[in-house]
Amino acid sequence: MGMGGPVSPYQYLSNVLIVSALLCVFAAGIYQLAKRLIHQMVLFDRAQALTEDAKLETDKLLQVDKRLHNKKISLPLPYQLLWYGIAFFWLVAGFLQMQPMMFTHDFVTDILESAYQVQIPFFRPSDLALMNRWASDPVTSNVESIMIQLYIGILLILNRRNWIGFTALGASIIWGIMVWIYGEGFGNTFAAGSSFLLQGSPGGVIFYVVAAILLLLPIRYWKNVKFYLGLQWIIAIFWFIAALWQLAPINGGWNSETWKNSLSSMIQTPDPQPYWVVDGIHWFMNMSVAHTAWVNGITSGAMLLVAILAILPVRRAILLSFSLTILFLIWWFGQDFGVLGGMGTDVNSAPLVALFMLVGWTKPEVWKIEFSYLKKFFKTVHSPLVRHK
């Protein structure tokens with residue numbers, strides 16, 4: 001291509017990435033240099049104002065303070081797992097946004113317009129304005145989206161428990177809410193005939209937002225086993241809602257046409273998919289159409305069983321093995337692995353739910369306190385009966 005020829009989307013994107021990376025390195029270097037200079041200036045001014053004896057004592061205190069300042073805060077394993085997990089998923093979302101079709105008007109017609117069709121009336125005017133803006137320059141709009149998601153992921157990986165990391169968490173909340181509303185249409189939660197969790201509702205991006213909010217909490221919460229107990233109950237309620245949602249007739253779970261339409265749309269994608277993925281979805285679609293009641297009943301029952309196991313003191317290995325297996329099958333049969341077909345913008349909701357399951361059931365101490373609560377409850381109920389006899 002000549003000097004004056006058109007610039008392809010990937011050339012434009014590579015130039016932006018290179019310039020942005022250089023600016024990021026330059027800004028980080030300036031920040032570290034300025035922090036060191038200011039620290040040395042403060043030490044020099046303090047040293048000049050003190051006597052020689054006090055100066056020696058001050059140097060010792062400063063060394064102790066420096067060691068305490070540089071000492072890394074002990075972060076719980078679940079906290080680190082959620083932090084780096086969300087960072088990884090943001091990076092994956094940024095790379096998925098680089099797919100060739102994302103730079104075309106097909107992104108508007110296939111993704112944004114689909115979200116607009118199920119949009120809440122209050123957000124439709126702003127949603128339409130966003131679609132028009134994106135359609136006017138899809139390349140620039142997509143590059144901006146890529147940069148935001150990659151920056152969030154990179155900043156989270158490189159910076160933890162400092163103002164840069166917290167800023168990335170704030171950006172994760174703001175950008176995640178925008179994508180959830182305008183890019184996913186609230187994850188199709190308010191669409192007629194939508195399947196909660198099985199087909200992606202309430203949307204994968206809302207889990208990014210919830211994760212960022214939890215990571216902004218003080219570390220003392222993450223070191224309290226009651227925090228994990230509360231998280232377990234929230235996850236159990238989520239699975240219970242998913243089961244009830246799947247059972248509700250209004251959502252189409254008992255209608256064979258609903259299964260056929262939703263599953264066939266995943267097979268008919270712009271880009272070819274691995275044959276084993278398509279064959280698996282084909283098999284599940286045929287089973288769902290031929291035995292709708294059985295498939296919907298078993299699916300709902302599996303979700304309900306996970307909810308029950310989540311509040312009982314069963315072994316972690318049993319709960320996680322069963323729930324992660326269910327989530328993998330949902331991710332395959334119901335969500336097409338989220339990233340296949342050329343128009344996937346994120347990994348969908350199943351991997352995010354799996355991440356929260358791992359976070360909620362990582363600390364063994366949680367099981368001890370949960371079992372003690374249940375034992376105390378049954379003891380309270382049993383005592384009046386014994387006295388009555």
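Please treat every number below as a calculation from the coordinates, not as lab data. From a predicted model like this one, the values you see are computed outputs, not experimental measurements. Cβ sites come from the backbone with ideal geometry, for glycine too, and all protein chains shown count toward neighbours.
Assuming a ≥ b ≥ c are the square roots of the Cα gyration tensor eigenvalues, decide whether the range 77-388 counts as rounded (a/c under 1.5), prolate (otherwise, with a/b larger than b/c) or oblate. Cα axes put the range 77-388 in the oblate bin.
I'd like the FRET efficiency for Leu244 and Ala129, computed as 1/(1 + (r/R0)^6) with the beta carbon distance as r and R0 of 51 Å, rounded to 0.05.
Once the sixth-power term is evaluated, E becomes 0.90.
Label the range 292-348 by shape, choosing from rounded, prolate and oblate, from the square roots a ≥ b ≥ c of the eigenvalues of the Cα gyration tensor; if a/c is under 1.5 it is rounded, and otherwise prolate applies when a/b is larger than b/c, oblate when it is not. Verdict is oblate for the range 292-348.
In this calculation the C-beta distance from Trp233 to Asp137 is compared with R0 = 56 Å, giving a FRET efficiency of 0.75. Residue separation of Trp294 and Thr109 scaled by 0.36 nm, minus their Cα-Cα distance, works out to 63.1 nm of gained length. Note that the range 246-262 has calculated 3J(HN,Hα) couplings of 5, 7, 5, x, 5, 8, x, x, 9, 9, 5, 5, 4, 5, 5, 5, 6 Hz, one per residue in order, obtained from phi through the Karplus relation 6.51 cos²θ - 1.76 cosθ + 1.60 (θ = phi - 60°); glycine and proline are x.
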